Structure formats: structure tokens, C-alpha cells
Amino acid sequence: MYGTLALSHRALDELSEAAGRGTIEELRRLARPLEGLRVLNLSVTGFGTGTAELLSSSVPLLTDLGLDCHWQVVRGSEESSHAVREMYRALGGHFTTWTPEMTQAWQRYVELNAGLLTEPFDVVIMHDLQPAAIRSHVGDDRGAKWLLHSHLDLSSAQEDVWLLLRSHVERYDAAIFEAPSFVRRDLSIPVHIIPPAIDPNSARNMPLPADVIQSVLAQYGIDANRPILLQISPCDAESDLVGAVDCACELRDRFPDLQLVLLLTTEPQDPVGRQCFDDLSRRCQDDAAVFVVQVGTKVGNVEVNVFQRAASVVMQRGLRRGYGLWLSDALWKERPVVAGGAPGLREQVVHGETGLIAESPQDFVKHVARLLSDPDFAAELGRKGRARVAERFLITRYLRDYLQVLGGLNRG
């Protein structure tokens, strides 16, 4: 058995104010034929990722809808940690030197976890690719349906690493991707598109009193009365952290009080990440208006919520591996956003309507300056951004999509 996560009860009716009563009734109608369906969600980690955020909301809500829904975390080991981490990077489009020794460590990791799947389930949903080969080690006699939910953009996955996985993935009954452009074209199994979503009632998005926002900002030395440019991103090269500092410095010619907050969602665990962090530290070491904050034991979802609500503009420079759903969090809070042109970001931001898309470093400077100098335009983008999230990126839409996929499997 894997590590089972204990989750707090959630009542679907609590979302009726954000999503509408009709949406709640539709979800209950879709869930009725699936009552009692025993579903296992498997992931590599139980916290600190967008996948974990989705599961921490969706699993309790599906349970409230009558499904017997569980979330467990696969077992890791020191021996396999390097191979698992490098596989994730390679599948996300980063080149890594993959060795036979890494293949062997990965295979032992998969075999270990396959042996831990001892309980009967009607549906098993694999939310990470690294342990996806577990499917090949579990016999078909149990009668379970298997879904692979890839939260990565696999379109530019490193070929030799992807080939290790492809035959295992082909044994799944279906795959789920977050956007059409993320799908591997060499897959022959059925594919469903389910974009990610935010939970408006989670700690990361719930309304916060003004005094809480000011208190948290003060803890980090951030002045609530000065403009704040915020970026939330992993500590990696694609996030262009040094470029974010350069952008803020150039903007200070016109907005001398501007503060930059860089909220890092990952710690620099590998040489590339450490190099990015070292470059960032050198670039901003003498800049008192740049604040680098790492999400971890001291910075959780409430703090993320605070920084987003306090931001004058939210910026997202680069992103290769997926959506970066922090943008939808910010849009829900009616924050004006400037995003790079990566596919997952374009799915969330409509240029000139719900935010601005920047194609170059100078575009970022120009667009952020426009939003800082034109509060009426910024507010209009924020309002329209929230409306787009309400239509396309709320957890209720995600639940509807999932119930439809599970209903199709059940009929099959």
C-alpha cells in the first residue's frame, strides 16, 4: 500500500456562490450513475505542486458527489530519486544525459511500487509519468480501468526517455492531457482534454481581510503602499528570473517605488536549478526592492494568496512544462497579468481582453508600464480575467469533465 493522504471533508454546495446552483445540480446528475465507484488517484508527491493542489480539492469533492475516491502517493527511494527527477525534466523538454544505470534505477522504482498496489479499485488514475510503467506490472485480471493524466506538456519530450515509457502508456485505457498542444502524436490510445482549474474556496484563493494582507507583507519587509510586480514560478531557466529583475530595474526609471516579488515554487535541487538561483542572487543582492521568497514550510497557500492580492501587476515570463495555473489564481482575484507566449499561458490569457501577452523582454517592460500607468485599463482586464476563469477554469468545470470521462469508462 502507498502513503494514503487524509483530506478534510468538502461540501460541493459551498461552491454554489462561485459556480451557480445550476452547475452544482448538473454535477450531481452526472455523478449519480457513478455512485460508489472506487477510484484511486496516484501521484509522486502530496504537496507543493499544481497536481497536488488539484487533487486536494477534487478528491474530497468527488467523494461528496458519492464516488469512493482515494489519493495515495507512490513510494520513493534515495536510489531512484535522481532518475525520477531527471525523467521528469526530460519529459518536460529539458535535455538530460540518460544512462543505463538510470534506467535500471527507474525500473526498480516502478517494480517496488507495482508490488504495493494491493487494494481493489474500479479505476486507477496515474497523475505522474515517472511511475506510469506500474500499469505493465499489474495484471488485467483485477478488472480495473487505468487512466494516465499527464500534467506535463509532452510535445517536446526527450525522445529516448519517452520511448522508455511509451509502450507502458499504450496499455492504459485512455490518457488525459491539459491542452491539445501537449499531446504526443505517437499515442494510439483514446485521449481526453481536461484543462486544470482553481478552487475558489481554497486557502490560495479565498477572500482575505486587508489587515491580514498588510501583516503578511510587513513580515517580509514589503511596503503595502508601494506598487508590487509579482512573479510566481519554479526556480529554473525557463522562468527567466534574472530577466524579471532586469525588467523591474528598467521600469523604475518611470516608477521609482516599484517593488519586485519573486515567489519560487521549487527549491534548486539540481545543478541547473542551483545555477539559476545563484545567478538570481548575484543579480539582486544589492537591490533592496527585490524580494525572493521560496514556497515551503514557512510560505504556504495563504501567503501566495496575500502576494497575489497585493500585486499591482502579476507577471509570468516563461514556462515550458504546463499551465502555470498561478495566472488563473491571479485572474480570479482580478489582478492584471502580463504573460509570455508559452502554450499553457496563452490558454489562460487572451491578449488585450483578459491580460497582455509579451513576446520579448521589451514587451514585458512596455506592457507592465501600461498597466501601472493606466489603472482603469488594468481594472478592466482584471474584471474580464475573472469572468474567463469563472467560465473555463473553476474546479466545478474540472469535476464535470472528469465525471464525463469516468462515465465513459464505466459504460465501456
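The values are calculated or read from the model by the stated rules, or taken from the named source; none is laboratory data. Nothing here was measured: the structure is a model prediction, and the numbers come from that model. For neighbour counting, all protein chains shown are included, and Cβ atoms are generated from backbone atoms with ideal geometry for every residue, glycine included.
Tabulated values for the structure
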| item | result |
| --- | --- |
| Condition met for residue 30 (within 23 Å of the chain's Cα centre (by Cα) and not in a loop (DSSP other than H, G, I, E, B)) | no |
| Candidate set from the stretch 354-406 (those that are within 28 Å of residue 240 (Cβ to Cβ) and among the acidic types (Asp, Glu)); member that is nearest to the chain's Cα centre (by Cα) | 359 |
| Among (1) within 25 Å of residue 192 (Cβ to Cβ); (2) modelled with pLDDT under 95; (3) out of contact with any Gly (no Cβ under 9 Å at 6 or more places or on another chain), the one test that residue 360 misses | (1) |
| Residue list for the stretch 151-208, filter: modelled with pLDDT of 95 or more, in contact with a Ser or Thr (Cβ under 7 Å, 6 or more places away or on another chain) and aromatic (Phe, Trp, Tyr) | 177 |
| Top-ranked residue of the stretch 172-207 - restricted to ones that are small (Gly, Ala, Ser) and either assigned by TED's automatic domain parsing to the domain that holds residue 346 or under 15 Å from the mean Cα position of the chain (by Cα) (or both), ranked as nearest to residue 396 (Cα to Cα) | 197 |
| Selection within the stretch 87-119 - among the charged types (D, E, K, R) and touching a residue at least 60 places away in the same chain (Cβ under 8 Å) | 89, 119 |
| Some residue of the stretch 317-325 being under 22 Å from residue 227 (Cα atoms) and assigned to a helix (DSSP H, G or I) | no |
| Candidate set from the stretch 365-411 (those that are more than 27 Å from residue 57 (Cα to Cα) and either in contact with a Cys (Cβ under 9 Å, 6 or more places away or on another chain) or modelled with pLDDT under 95 (or both)); member that is surrounded by the fewest Cβ atoms within 10 Å (Cβ to Cβ) | 365 |
| Boolean, residue 88 is crowded, with 22+ Cβ neighbours inside 10 Å and over 30 Å from residue 12 (Cα atoms) | no |
| Qualifying position, being among the charged types (D, E, K, R), crowded, with 17+ Cβ neighbours inside 10 Å and more than 30 Å from residue 147 (Cβ to Cβ), among 240, 223, 199, 257 | 240 |
| Single residue of 349, 302 found to be within 20 Å of the chain's Cα centre (by Cα), among the aliphatic types (A, V, I, L, M) and surrounded by 20 or more Cβ atoms within 10 Å (Cβ to Cβ) | 349 |
| Filter result (within 23 Å of residue 402 (Cα to Cα) and either among the aromatic types (Phe, Trp, Tyr) or at pLDDT 95 or above (or both)) within the stretch 108-121 | 121 |
| Among the candidates 379, 387, residue that is out of contact with any Asp or Glu (no Cβ under 9 Å at 6 or more places or on another chain), in a helix (DSSP H, G or I) and not hydroxyl-bearing (Ser, Thr, Tyr) | 387 |
| Residues satisfying the stated conditions in the stretch 378-405, i.e. out of contact with any Leu (no Cβ under 6 Å at 6 or more places or on another chain), in contact (Cβ under 8 Å) with a residue 12 or more places away in the chain and over 19 Å from residue 199 (Cα atoms) | 379, 381, 404, 405 |
| Residues (part of a loop (DSSP other than H, G, I, E, B), modelled with pLDDT of 95 or more and on the phi < 0 side of the Ramachandran plot) located in the stretch 328-349 | 333, 335, 336 |
| Among the residues listed as 285, 316, the single one being under 30 Å from residue 82 (Cα atoms) and either under 16 Å from the mean Cα position of the chain (by Cα) or not assigned by TED's automatic domain parsing to the domain that holds residue 48 (or both) | 316 |
| Some residue of the stretch 132-142 being of a type in the set (Ser, Thr, Tyr), touching a Lys or Arg at 6+ places or on another chain (Cβ under 9 Å) and assigned to a loop (DSSP other than H, G, I, E, B) | no |
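For (1) surrounded by fewer than 18 Cβ atoms within 10 Å (Cβ to Cβ); (2) modelled with pLDDT of 95 or more; (3) within 22 Å of the chain's Cα centre (by Cα); (4) within 28 Å of residue 300 (Cβ to Cβ), each residue gets a yes or a no:
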site	(1), (2), (3), (4)
37	no, yes, no, no
41	no, yes, yes, yes
62	no, yes, yes, yes
79	yes, no, no, no
99	yes, yes, no, no
106	no, yes, no, no
